[in-house]
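Q: Structure provided below as structure tokens; questions to follow.
Please treat every number below as a calculation from the coordinates, not as lab data. Fair warning: this is a prediction, and the values are worked out from it, not measured in the lab. Every residue, glycine among them, receives a Cβ derived from its backbone with ideal geometry; neighbour counts consider all protein chains shown.
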Amino acid sequence: MQQTDLPAAEYRHVYEFNIRFGDIDSQGHVNNVKFLGYLEDARLEMLHGDPVRKGEQPVRGMVISRHEIDYKLPLLPTVYPIRVETWVTEVRAASFKLAYEVRDDENVYATATSTLVAFDVEANRLRRFTPQEREFIGRYVVPAE
């Protein structure tokens, strides 16, 4: 893991949501495909929503190169909020890995990882992170256990 020049992690990003009726499949639990949507919502809130609220530039020009999800328990309909906790586990010159837990106070329903790559849309090629992006991403770095 290359994170020697990054600041220490401040926290895991926490995104809360309520399960929607349309998320439930014929088996009575949240459909596995919906989990990708939950991860996307949490990731966008972390990379775009939080910075804008703080008066900072959102992280732009990232593409997903990989997702991996492990389903731990069926997620059943509930009136209580579910949350996605997100943090960074690895930072390289042009990519970083996010880890996620989809959970409530008692259970972890899924764990996941995503690899995001910095991308120059106009040039249609990979690019390196800017110093500002590295600083922002570094706020969420939690060393692997």
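Q: Tell me which aspartates and glutamates have Cα within less than 20 Å of Lys54's Cα, excluding those fewer than 8 residues away on the same chain?
A: Straight-distance partners of Lys54: Glu10, Glu16, Asp41, Glu45, Glu85, Glu133, Glu135.
Q: Give me the orientation-averaged projected area of the Cα convex hull of the chain, in nm², one decimal. Spell out each step's value before the answer.
A: Numbers: hull surface 38.9 nm².
Result: 9.7 nm².
Q: Using unit Cβ charges (K, R positive; D, E negative) and no other charged atoms, how large, in debye to the nearest 20, is the dipole of segment 1-139 about its Cα centre?
A: Around 420 debye, computed over segment 1-139.
Q: What is the distance in Å between the Cα centres of segment 11-37 and segment 121-140?
A: 29
Q: What order, most packed first, do the peptides 13-22, 86-95 have when packing is the mean number of other Cβ atoms within 10 Å of each residue?
A: Values: 13-22: 14.1, 86-95: 17.8.
So the order, starting with the most tightly packed, is 86-95, 13-22.
Q: Something else now. I'd like the orientation of helix 32-44 relative to the chain: the angle between its Cα long axis and the longest Cα principal axis, in ° from 0 to 90, rounded to 10.
A: 40
Q: Another question about this same structure. Mind listing the long-range amide H neighbours of Ser95? Cut-off is under 5 Å, sequence gap 5 or more, other chains count too, H placed in the peptide plane at 1.01 Å from N.
A: When sequence neighbours closer than 5 places are left aside, the close amide H contacts are Ala118.
Q: Then there is this: Would you mind calculating the relative contact order of the chain from Cα pairs under 8 angstrom and at least 6 residues apart, reporting the percent as a whole number?
A: 31 percent.
Q: Grab the Cα-Cα distance for Arg60 and Glu40, subtract it from 0.36 nm times how many residues apart they are, and report the gain in nm with one decimal. Kindly include the intermediate steps, with their values, before the conclusion.
A: Values: separation 20, 0.36 × 20 = 7.20 nm, distance 1.43 nm.
Answer, rounded to one decimal: 5.8 nm.
Q: Taking the alpha-carbon distance from Lys72 and a cut-off under 24 Å, which lysines remain once sequence neighbours fewer than 8 residues away in the same chain are dropped?
A: Cross-link targets: Lys34, Lys97.
Q: May I pose another question? How big is the dipole moment of segment 34-114 about its Cα centre under a simple scheme where the beta carbon of each Lys and Arg is +1, that of each Asp and Glu is -1, and everything else is neutral? Debye, nearest 20, please.
A: That gives a dipole near 320 debye.
Q: Using a 10 Å cut-off on Cβ atoms, rank the peptides 72-83, 104-115 from the highest mean neighbour count down.
A: The peptides rank, most packed first, as 104-115, 72-83.
Q: Report the normalised scattering of segment 6-83 as log10 I(q)/I(0) at q = 0.25 Å⁻¹, calculated by the Debye formula with identical scatterers on the alpha carbons.
A: -1.29
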